[in-house]
1. Explain nothing, just compute: Karplus ³J(HN,Hα) = 6.51 cos²θ - 1.76 cosθ + 1.60, θ = phi - 60°, for every residue of segment B:49-57 in order, whole Hz, x for Gly and Pro.
2. For A:Tyr22, what charge total do you get from the other residues with a beta carbon under 12 Å from its beta carbon, if Lys and Arg give +1 and Asp and Glu give -1?
3. In deg cm²/dmol, rounded to 500, what helix-only [θ] at 222 nm does the protein assembly as shown give when every DSSP H run of at least 4 residues adds -39500 (n - 2.57) and the total is split over its residues?
4. Applying the Karplus parametrisation 6.51 cos²θ - 1.76 cosθ + 1.60 with θ = phi - 60° to the phi angles of segment B:20-25, what ³J(HN,Hα) value in whole Hz is obtained for each residue in order, glycine and proline being reported as x?
5. To the nearest 20 debye, what charge dipole does segment B:1-59 have about its Cα centre, counting +1 at the Cβ of each Lys and Arg and -1 at the Cβ of each Asp and Glu?
6. Dimensions of segment A:1-59 along principal axes (Cα, Å, largest first)?
7. Rounded to the nearest 10 degrees, what's the angle between the helix B:80-92 long axis and the longest principal axis of chain B, both from Cα atoms, 0 to 90?
8. Can you pull the one-decimal nm distance between simple spin-label points at B:Glu134 and A:Arg78, each 7 Å off the Cα toward Cβ?
Protein chains: 2
Amino acid sequence: MEPRVSIITIGVIDLDRAIAFYTAMGLEPGMVVPDDVAFFQMGGLLLALWPRAKLAEDAGIQDSKPGFSGVALAYNTRSESEVGEMLERAEQAGGRIVKPAQRAFWGGWYGYFADTEGNLWEIAHNPGFPLDAEGRISLPA
Amino acid sequence: MEPRVSIITIGVIDLDRAIAFYTAMGLEPGMVVPDDVAFFQMGGLLLALWPRAKLAEDAGIQDSKPGFSGVALAYNTRSESEVGEMLERAEQAGGRIVKPAQRAFWGGWYGYFADTEGNLWEIAHNPGFPLDAEGRISLPA
């Protein structure tokens, strides 16, 4: 296994609402099959929105009621002030601020929002994990 | 929001078992805090393994019993034969083959495995979504 991820697929209940949310966040759907799937190019990987029931069926597992997924995505910012701005934008886009911007136990500044499907995104400024010009994050050397 | 993801955090019940699984898959932990967290550099983003209860507490939400997370990660291969090889490797590493390698409805070759925590990984060969030399995937032009 090479150290990479190709696609993060989020299973959704309401596809149109989720597409509208991520579009309002500033992302651009690169491929949309109506009532089926939407792909967003996220640098070197793709974010896919696909009905949760289809994802479960495709994998051959039983769907269950949405609860805490046990997974969180993180978007690291270039400044502390961006954290609160992104949380507010998520709320305006139809998401929910789960944890307002605050000092993190690891020293940075952070918060969480949930998208329209309840998926967690951590928004964090962590000076210890540098971002390059393209936004690619690295562990400290 | 720039089109990128910084960290995919998988909440785990058994951290050491999960670290052993991903290491056996060929990944190298770049930073490990024993009994707390492990980070793997995955190209321009990080995969983090963190106890599920800590993730829920950090976000300020209620933990729930692990079920179908509603999220799947995908790893796209450079050939069809790699798909079955990776599923077998996942099984040898302590995971479970959820869907054996087979023809996909979208034309490629694919299958699913679950890691030691039940998280779904789709392994897929999709000639329509090209990979560059670094393994970065792109939507068709």
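The values are calculated or read from the model by the stated rules, or taken from the named source; none is laboratory data. Nothing here was measured: the structure is a model prediction, and the numbers come from that model. Methodologically, a virtual Cβ is constructed for each residue, glycine included, from the backbone with ideal geometry; neighbour enumeration extends over all protein chains shown. Heads up: the accessible areas ignore ligands, DNA and RNA and are worked out on the full protein's heavy atoms, side chains in. Shrake-Rupley method; radii C 1.70, N 1.55, O 1.52, S 1.80 Å.
1. 10, 9, x, 3, 5, 5, 4, 4, 5
2. Working: positive: A:Arg17, A:Arg89; negative: A:Asp16, A:Glu28, A:Asp115, A:Glu117.
Residues close to A:Tyr22 contribute a combined charge of -2.
3. Details: 6 runs with 61 residues, N = 282.
Counting only the DSSP helices, I get -6500 deg cm²/dmol.
4. Along segment B:20-25, the couplings run 4, 4, 5, 5, 5, 6 Hz.
5. The calculated dipole for segment B:1-59 is roughly 160 debye.
6. Extents along the principal axes: 34, 30, 15 Å.
7. Once rounded, the angle reads 30 degrees.
8. If labels sit at B:Glu134 and A:Arg78, their model points lie 1.7 nm apart.
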